[in-house]
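Just below is one structure, and these are the notes that go with it.
We did not get these values from a lab; they are worked out from the coordinates using the rules stated. Everything numeric in this text was worked out from a predicted model, so none of it was measured. Glycine gets a Cβ as well: all are built from the backbone with ideal geometry, and neighbour counts include every protein chain shown.
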Amino acid sequence: MIRLNNFIAASGICSRRQADEYIKQGRVDVNRKTVTDFGIFIEPDKDEVRFDGEKIRPKEHIYILLNKPKGVVSTTSDEKGRKTVIDLIKTKERIFPVGRLDYNTTGVILLTNDGDFTNVMLHPGNKVPRTYITEIHKPLSEEDQRKLEHGFVFEGKFSKFEKVKVQKKGEVVEVTVTEGRNHFVKNLFKKLGYFVNELHRKSYANFNDRDLPLGAYRFINLNEINAFYKNYVSE
C-alpha cells in the first residue's frame, strides 16, 4: 500500500505537494473513477492510476552513497571542466547529488533521481543530522567547546553544533549539525578563531561511510530509505 500522492510523485510527474493539488483539481483517476482525496492509499500492483487520462506508473528510483574524495565538485557538470561526483558513478540513470560538499571536503554524499527524497533530506524543518570529523589548526579550548555546544549568535542567527566530541589533544573534533547553511562548520570554527585544515563528513542521517573507501560508492537499499523516513521524518 502507498499513498496516492506518493505514487504520483514517484512516477516523476511532479513533487508530492504538487500531486496534492492535481488530485484536488480532479485530474487523477483511480480505477476509472476521479478521486479528490490525496490521503487515500492504493495498491500499485492492483490499482490503475491515470493522470489527465494517461496511465502512470512509478519510475524506479535509485539511491547511491558516495564517499567523496578531494578534488571533486558536487554538481552534475562543471564549467571549469573539473571532475564531478557524477563522473564517479557508473549508471545509465540521470541522477543528481543531494546537497553539496566543498571541493576539498571528503565524505558522505548521496545521489539519486528521487526529487521528493531530496527535498525531504534538505528541508531545514526536518533537522536531518550530519556528522563531520574536523581537523583544526590548534587545540580547541574548553571555553570554545562550551560555546559551540551551547550556541551563540552568528550571521544574525543563534547557531550551535548539536554534539561536540574532542579527540587527539583537541585538534580533531567530531561535530554533529542540523544546519544546512553553506560552509557552516568551517565558518563557526572560524568565528572562534580556528582554521579547519581537513573536513570529512562521516554520516548524513542514517547513511554512513562505514567500510567504504574514499572514491567508492554503493547502492542504498529500500530498507535504509524506509528507516530514514521512519527515524527522521514525521508524518
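Of the residues making up the stretch 121-154, those that are under 25 Å from ASP20 (Cβ atoms) and either over 25 Å from the mean Cα position of the chain (by Cα) or surrounded by fewer than 18 Cβ atoms within 10 Å (Cβ to Cβ) (or both) are LEU122, HIS123, PRO124, GLY125, ASN126, LYS127. When we screen ILE8, ILE40, ILE95 for residues that are crowded, with 16+ Cβ neighbours inside 10 Å and in contact with a Leu (Cβ under 7 Å, 6 or more places away or on another chain), the only hit is ILE95. Right, ASP47: acidic (Asp, Glu), part of a loop (DSSP other than H, G, I, E, B) and within 19 Å of ILE8 (Cβ to Cβ) or not? Against the criterion (acidic (Asp, Glu), part of a loop (DSSP other than H, G, I, E, B) and within 19 Å of ILE8 (Cβ to Cβ)), ASP47 qualifies. Applying a threshold of 8 Å to beta carbon distances and a minimum spacing of six or more residues, or different chains, the list of pairs starting in the stretch 72-99 at a residue that is without any contact (Cβ under 8 Å) to a residue 40 or more places away in the chain and ending at one that is small (Gly, Ala, Ser) reads SER74/GLY99; ARG82/GLY71; LYS83/GLY71; THR84/SER74; THR84/SER77; VAL85/SER74; ILE86/SER77; PRO97/SER74. Filter the stretch 15-35 for residues that are farther than 12 Å from ASN5 by Cβ and either in a loop (DSSP other than H, G, I, E, B) or polar (S, T, N, Q) (or both); which is farthest from the chain's Cα centre (by Cα)? Within the stretch 15-35, the match that is farthest from the chain's Cα centre (by Cα) is ARG32.
Table: residues versus (1) part of a helix (DSSP H, G or I); (2) farther than 18 Å from PRO213 by Cα.
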| position | (1), (2) |
| --- | --- |
| ARG82 | no, yes |
| ASP87 | yes, no |
| LYS92 | no, yes |
| GLY99 | no, yes |
| ASN104 | no, no |
| ILE109 | no, no |
| THR118 | yes, yes |
| THR131 | no, no |
| GLU135 | no, yes |
